[in-house]
Amino acid sequence: MSQIHLRAEPGDVAEYVLLPGDPGRARRIAETYLEGARLYTEHRQLLGFTGTYRGVRVSVQTTGMGCPSAAIVAEELARLGAKTLIRVGTLGGATPRVQPADLVVATAAVPNDGTTRQMLGGSPYAPAASFEVVEAAVASARALGVPHHAGLIMTEDAFYASTPEHARLWASRGVLGFEMEASAVFLVAAQHGLRAGCLTACSNDIGDPQLVPDEVLAQGVDRMVRVALDAVVRLAGAEGR
């Protein structure tokens, strides 16, 4: 059955799915990294492509911005047969030690968002990445020589509400940065017994209103995507043994 928002059929989507928020980034990933990429949906600008990377079938599916959209996309991907969901996006750094364009591999996400709160009925919960995905991503970053951080992030709804004081407070509690989708992806994946991860490139320090220069961020995004795809190959290889 075709899904309401993705308008895709079973078989269109690979077991491994990268999840950028931006449809333009989804297209760039598909056209730059995947072989034989085919567009399977463009409904609501939620562009989705499936191709192969080093022999592994991979999809790239746009989530849009924020947890409400990401939760819908993750739910429909689960129904379409996806098994591993990896968010690939950007985050605002909570601490100056996370430098512009640095790679951050999330181990878990503080759920400061309304979507997971509604889905859980207000119950306390700790949305976490799957250990296998974190392990594969960190191994890939090391193998590719990509500087990286692994640890806690926070998922929020209000992009412009974060302040330097808010960022430093949560940095003192171990949060590396802030983004807008991971907690929902982690929760939906857990509800369906899927694996999930989140890789982000740092787009700015929360204390700095300016994003990093486009060319610097583009390099960080390229490194992030290469790490994510290498991690998918590692996961597929481990499953094949």
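The values are calculated or read from the model by the stated rules, or taken from the named source; none is laboratory data. Given the structure is predicted, the values throughout are model-derived calculations rather than measurements. All Cβ positions, even for glycine, are placed from backbone atoms using ideal geometry, and neighbour counts span all protein chains on display. For the accessible areas, the whole protein counts, side chains as well, though only heavy atoms, and no ligand, DNA or RNA atoms are used. Shrake-Rupley method; radii C 1.70, N 1.55, O 1.52, S 1.80 Å.
Under a 5 Å amide H cut-off, with hydrogens placed 1.01 Å from N, LEU211 pairs with nothing among residues at least 5 apart or on other chains. Looking at segment 93-166, the trypsin sites (Lys or Arg not before Pro) that sit in a DSSP loop and have at most 12 other Cβ atoms within 10 Å of their own Cβ are ARG97. With the gyration tensor restricted to C-alpha atoms of segment 51-184, the semi-axes of the equivalent ellipsoid amount to 24, 21, 13 Å, longest first.
The antiparallel fraction among DSSP beta bridges confined to the chain stands at about 35%. Once the mean of 1/r is taken over each pair of separate Cα atoms and inverted, segment 164-241 shows a Kirkwood hydrodynamic radius of 15.0 Å. Surface composition of segment 1-76: carbon plus sulfur atoms contribute 51% of the solvent-accessible area (1.4 Å probe, protein chains only, all chains present). All Cα-Cα separations within the chain were binned at 5 Å from zero, giving a P(r) of 1, 7, 15, 20, 22, 17, 11, 5, 2, 0, each value a whole percent of the pairs.
In the full protein context, the chain carries 44 Å² of accessible surface per residue, based on a 1.4 Å probe and ignoring ligands, DNA and RNA. Spatial offset of segment 162-197 relative to segment 44-93 amounts to 17 Å, using the alpha carbon center of each.
Using only the C-alpha atoms, the convex hull of segment 84-148 corresponds to 112 Å³ per residue.
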